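**Student:** For reference, the structure I am asking about is given below.
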Amino acid sequence: MEINQLNLGSDKINNPKLNELYSQFQEILEKLNDKKLPSEAVQYVNNIVEQINSTTLLDKALLKFLKDKQNLIIKHLEKEHKIVPKSYYKKLWLAVGMTAFGLPIGVLFGLLMKNMGLMAIGLPIGLGVGAAVGSSMDKKALEEGRQIDVELKF
């Protein structure tokens, strides 16, 4: 079973940001065609593509609609099949590292030094930990063939 492609008219794609998002979405769909996805996943993606192709939205509403649908596909593929785009885990773990590791380390450091102004020292530490964990997970996904060769910009 093959994944359908986007088929919006050129009259709907009339600004550069929308054009970039549309191109990125098409690239994701093309790369997904190269993967051997289960028929359930292909059916899910095709249903979303069908919704997009039949939309009458324009400009900002269309941009938001495309972003939402792209995120739905990415989240579904990650959750159900562990298929992710490039740098997915790195971007995710940067934020997690800062909040889950950096803030507690910063608070601890601030309490030990009796100066809570030093709490921000933990954020770069958490950033580094998050980047390292995310990069290793991205590398593992690449080695296992679970990575789509597209980096999300939107």
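**Student:** Computed FRET efficiency, Cβ-Cβ of Asn47 and Ser87, R0 30 Å: what is it to the nearest 0.05? Before the final figure, lay out the partial values.
**Tutor:** On the way: r = 27 Å, r/R0 = 0.90.
Calculated transfer efficiency: 0.65.
**Student:** Ok, one more. Once the dipole of the chain is set up with Lys and Arg at +1 and Asp and Glu at -1 on Cβ about the Cα centre, which of Ser135, Met116, Gln5 lies farthest towards its positive end?
**Tutor:** Positive-end residue among those listed: Met116.
**Student:** If you keep only loop residues by DSSP, which trypsin sites (Lys or Arg not before Pro) in the stretch 1-85 have at most 14 other Cβ atoms within 10 Å of their Cβ?
**Tutor:** Numbers: sites: Lys12, Lys17, Lys31, Lys35, Lys36, Lys60, Lys64, Lys67, Lys69, Lys75, Lys79, Lys82; in loops: Lys12, Lys35, Lys36, Lys82.
Qualifying residues, ordered by number: Lys12, Lys36, Lys82.
**Student:** Keeping all protein chains in place, calculate the accessible area per residue for the stretch 115-154 (probe 1.4 angstrom), answer in Å².
**Tutor:** Working: 2350 Å² over 40 residues.
About 59 Å² of surface per residue is accessible.
**Student:** When the accessible area of the stretch 59-154 is split by element with a 1.4 Å probe, what percent falls to carbon and sulfur? Could you put the intermediate results ahead of the total?
**Tutor:** On the way: 3810 of 5680 Å².
The computed percentage sits at 67.
**Student:** Run a plain Debye calculation on the stretch 73-143 (Cα atoms as equal point scatterers, no solvent) and give log10 I(q)/I(0) at q = 0.11 Å⁻¹, rounded to two decimals, same order as the q list.
**Tutor:** Once normalised to I(0) and log-transformed, intensities are -0.35.
**Student:** Any idea how far apart Lys64 and Leu111 come out in nm if each label point goes 7 Å out from Cα toward Cβ?
**Tutor:** In this crude spin-label approximation the distance works out to 4.3 nm.
**Student:** Given labels modelled 7 Å from the Cα in the Cβ direction, how far is it in nm from Leu57 to Leu118?
**Tutor:** The answer from the label model is 4.9 nm.
**Student:** Related question: Once both labels are modelled 7 Å past Cα along the beta-carbon direction, what's the Asn7-Ala131 spacing in nm?
**Tutor:** Output for this residue pair reads 4.5 nm.
**Student:** Kindly rank 142-150, 84-92 from highest to lowest mean number of other beta carbons found within 10 Å of each residue.
**Tutor:** On the way: 142-150: 14.4, 84-92: 18.7.
Put in order of decreasing packing, that is 84-92, 142-150.
The values are calculated or read from the model by the stated rules, or taken from the named source; none is laboratory data. Note that the structure is predicted; figures quoted are calculated from it, not measured. Methodologically, a virtual Cβ is constructed for each residue, glycine included, from the backbone with ideal geometry; neighbour enumeration extends over all protein chains shown. SASA here: full protein model, heavy atoms, side chains in, ligands and nucleic acids out. Shrake-Rupley method; radii C 1.70, N 1.55, O 1.52, S 1.80 Å.
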